[in-house]
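Undergrad: One structure coming up, written as structure tokens, with questions to follow.
The values are calculated or read from the model by the stated rules, or taken from the named source; none is laboratory data. In this text the structure is predicted, and so the values were computed from the model without any measurement. A quick note on method: Cβ atoms are made from the backbone with ideal geometry, for glycine too, and the neighbour counts reach across all protein chains shown. The area values use the complete protein model at the heavy-atom level, side chains included, leaving out ligands, DNA and RNA. Shrake-Rupley method; radii C 1.70, N 1.55, O 1.52, S 1.80 Å.
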Amino acid sequence: MSIYTLGIDIGSTASKCVMLKDGKEIVAKSLIAVGAGTSGPQRAIAEVLEKAGKTEADMAYTLATGYGRNSLEDIADHQMSELSCHAKGATFLFPDVHTVIDIGGQDVKVLQIDNGVMTNFVMNDKCAAGTGRFLELMARTLELNLDEMARVGLHWEQELTISSMCTVFAESEVVSLIADNHSAA
């Protein structure tokens, strides 16, 4: 008889869920583009359960992580920090991993991992600079989607400096650069 477990990551801007069979096989996963304080977590769970043809009662264990993990106290058996979950998940997928970079909606974390255990980490401490929200805003300002922005960035040859660490001020600088004919396309 197989054992099914559920992991739910409730971030500030997205809700993710994954179901494992016997702790080894990914059975189903989901990503909903809304996070804590919304219907995103419930929608992410419902999507995974539907894909797998399972119910909450079929789950032997449910773990919640992320910014909104405490909002699922009635569903999750346990809550764990996203840092610990990153280390465990990255090691599950890539056993020799040493570094994890998490560009979240509101912060960026870099983890050092040794033998599947997080041994050190750093986080940004400047506004939302460099976060997922920052990247989304820059893509919108450049009139690109995130995939297009990534492709353009790989081939960009001109160095441009954005001095502000604040997302709002950085957006103003990008608009000025565009006005000065430094096109992203």
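Undergrad: 5 Å is the cut-off here: which amide hydrogens, built 1.01 Å from N in the peptide plane, fall below it relative to Tyr61, excluding neighbours closer than 5 in sequence?
TA: Close amide H contacts, sequence-distant or interchain: Leu6.
Undergrad: Assign one of three labels to region 1-123, namely rounded, prolate or oblate, based on the Cα gyration tensor with a ≥ b ≥ c the square roots of its eigenvalues; rounded applies when a/c is under 1.5, prolate when it is not and a/b is larger than b/c, and oblate otherwise.
TA: Working: a/c = 2.01, a/b = 1.27, b/c = 1.58.
Oblate shape, in that a/c is at least 1.5 and b/c is the bigger or equal ratio.
Undergrad: Would you grab the residues whose amide H sits under 5 Å from the one on Ala14? Only those 5+ places off in sequence or on another chain, please, with H modelled 1.01 Å from N.
TA: Those lying under 5 Å, H to H, from Ala14 are Gly35, Ala36.
Undergrad: Apply the Karplus curve 6.51 cos²θ - 1.76 cosθ + 1.60, θ = phi - 60°, to the phi angles in region 93-102 and return the couplings in whole Hz, x for Gly and Pro.
TA: 7, 9, x, 9, 4, 10, 9, 10, 10, 10
Undergrad: Could you check how much of the accessible area of region 1-121 is carbon and sulfur, as a whole percent, using a 1.4 Å probe?
TA: So the carbon and sulfur contribution to the accessible surface is 53 percent.
Undergrad: Here's something else I'd like to know. Starting with the highest mean, order 27-37, 53-63 by the number of other Cβ atoms within 10 Å, averaged over the residues of each peptide.
TA: Taking the mean over residues of other Cβ atoms within 10 Å, the ranking is 27-37, 53-63.
Undergrad: Next question. Write down the Å³ per residue value for the convex hull defined by the alpha carbon atoms of region 70-114. Write down the numbers at each step before the final one.
TA: Values: hull volume 4.1 nm³, N = 45.
Convex hull of Cα atoms, per residue: 91 Å³.
Undergrad: I need the calculated FRET efficiency for the pair Ala60 and Glu143, taking r as the beta carbon distance and R₀ as 45 Å, to the nearest 0.05.
TA: Working: r = 48 Å, r/R0 = 1.06.
Efficiency computed from Cβ-Cβ geometry: 0.40.
Undergrad: Moving to a separate point now. Output ³J(HN,Hα) for region 49-63: one whole-Hz value per residue in order, computed from phi by the Karplus curve 6.51 cos²θ - 1.76 cosθ + 1.60 with θ = phi - 60°, and x for Gly and Pro.
TA: 4, 5, 4, 8, x, 10, 10, 4, 5, 6, 7, 6, 7, 10, 10
Undergrad: For Phe121, which sequence-distant residues (separation of 5 or more, or a different chain) have an amide H within less than 5 Å of its own amide H, given hydrogens modelled in the peptide plane?
TA: Residues meeting the criterion, in which the H sits 1.01 Å from N, are Gln112.
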